[in-house]
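Asks: There's a structure below that I have some questions on.
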Amino acid sequence: MTKPNLGQTILIAIAVFTLTSGCIALLSFANIHKLQQEVTVVERVDDLRDLILEIRYNAKSFFLYHDRAMLQKNKANVARAASILDELSAQQSRSGHAVHEIAIRQGLADYAALLDRLDAASGAVSAREPDGLALRGTGQRLLDHARAIAALERQNALVIHQRLHTILILVLAAVVLVGLVLVIFVFRRVLGPLQQVREATQEIARGTFAPRPAPRGPDEIRQVFEALNTMEKELRTRQVQLVQAQKLSSIGTLASGIAHQLNNPLNNISTAAQIVSEDSGEKSALAEKMMRNITQETLRARNIVKGLLDFSRPRGFTLAPGPLAPVLQGAARLAAGQIGPNITVTLNVPEDLILHMDGQRLQEAFINLLLNASQAIGRRQGRIEVTATDKTEQVLITMADTGDGMSEKTLQRLFDPFFSTKPVGRGTGLGLSIVYGIIEEHGGSIRVESRPGSGSVFFIQLPKQPEEATA
């Protein structure tokens, strides 16, 4: 049987509390209704007792004043008393009342018969005569039984009232107990773990990235701690990547300074080679060939240094018309040092293809793409093919490689900052994110198609004219 989680436990507690409260409320309502019925019965019993008292009073008046109208009133009162007794019999089912009800019913019948005999008698009737004595005795017995029933009903009403009072006390005690249980439950199962979560987040905010064991408690709290541990792991990885990115930035600044310093010796070498080449003295064919090689390689080194300086020199984003071919050629030249000799880079770019661009930023994007492709190929034999096609208002640039390809999961996060499939310390995870930002700055788009083991193809679309000009 699975253990209920925090939400299910709270729902069960609420359901139990609601059901218990409902049962107590129904029980209280039933007792209140019963008490109301009992009050009604007591009122009718009091009416019966008062009516019997009136019958006795009328009998005394008859014997004192010999007023036969009192006999007629008592006959009507006896009938009313019998009617009230019938109502009470319909409402009562208590065994203690049965004896008194039977006695009252029989007494009313005897009393009615005595009234008939007294009414039929001629002349005055004395209270000391047999019928008078019998009438008075019967009236007293009726009154005694009526008072007995009234006492029983009042006792029943008190019992019901006491029971209701006890129920209310129990309800109050149950509410207090349930409240205490809920307070303890909320503190131990909710507030306590939430306090631990708060302390964990404060430690993370202070830069303490250490995994924390999930506390014992509801599944939701354990899931929060598992998420915190995952986040801490990601933060540690991102921290290492940021440090690596800062190192690379420092290396770039250092490389820019070194490149600047290399310009002077390269100029001296180039000048010396030209002077030796222009010397009219006799030189061997090998010497002339070596001088030409020195001059060519010096020019090549100067171009690399110039490209490195242009690449590392910070400047704002500016669009200007220019040919795309030199930008791609410069990117391939700067990336050549990190692309192995086993990889062939082919550029198919028309020389007359012009578009508005920031050459330095676009070159940075292509360098990142070339390096990413070469890393996907690794040390195997492979090729990278870059093709640019004029699409009237746009330029389509494709970069295809024969690397390992990527899974669907990797493709979904490919352009996320700090996302990298390389081991920690081997990459910053910023390259393709930078590419995405540069292409967006140009008003273009980039997408990739790839499958594991089948290489990758990047598709870049750039507008030939800026959006303001085409609008």
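Asks: With the cut-off at 1.5 for a/c, could you classify segment 133-208 from its C-alpha gyration tensor as rounded, prolate or oblate?
Replies: Prolate.
Asks: Next up: When we measure straight from the Cα of residue 409, which aspartates and glutamates land under 19 angstrom away, once same-chain ones fewer than 8 places off are left out?
Replies: Reachable aspartates and glutamates: 234, 449.
Asks: Right, something else. Could you do me a favour and compute the accessible area per residue for segment 314-366, 1.4 Å probe, result in Å²?
Replies: On a per-residue basis, segment 314-366 sits at 48 Å².
Asks: How large is the accessible surface per residue of segment 144-205, computed with a 1.4 Å probe and reported in Å² as a whole number?
Replies: Spelled out: the 1.4 Å probe surface of segment 144-205, per residue, equals 66 Å².
Asks: Sticking with the crude label model, points 7 Å out along Cα→Cβ, report the distance from residue 89 to residue 380 in nm, one decimal please.
Replies: Spacing of the two 7 Å Cα→Cβ label points: 10.8 nm.
Asks: Setting aside same-chain residues fewer than 8 positions from residue 464, which aspartates and glutamates have a Cα under 20 Å from its Cα?
Replies: Qualifying aspartates and glutamates at Cα under 20 Å: 351, 352, 358, 364, 390, 393, 440, 441.
The values are calculated or read from the model by the stated rules, or taken from the named source; none is laboratory data. Every value quoted in this text rests on a predicted model; they were computed, and no experiment measured them. When we count neighbours, we look across all protein chains shown, and the Cβ atoms used for this are built from the backbone with ideal geometry, even at glycine. Just so you know, the surface numbers come from the protein's heavy atoms only, side chains and all, with ligands and any DNA or RNA stripped out. Shrake-Rupley method; radii C 1.70, N 1.55, O 1.52, S 1.80 Å.
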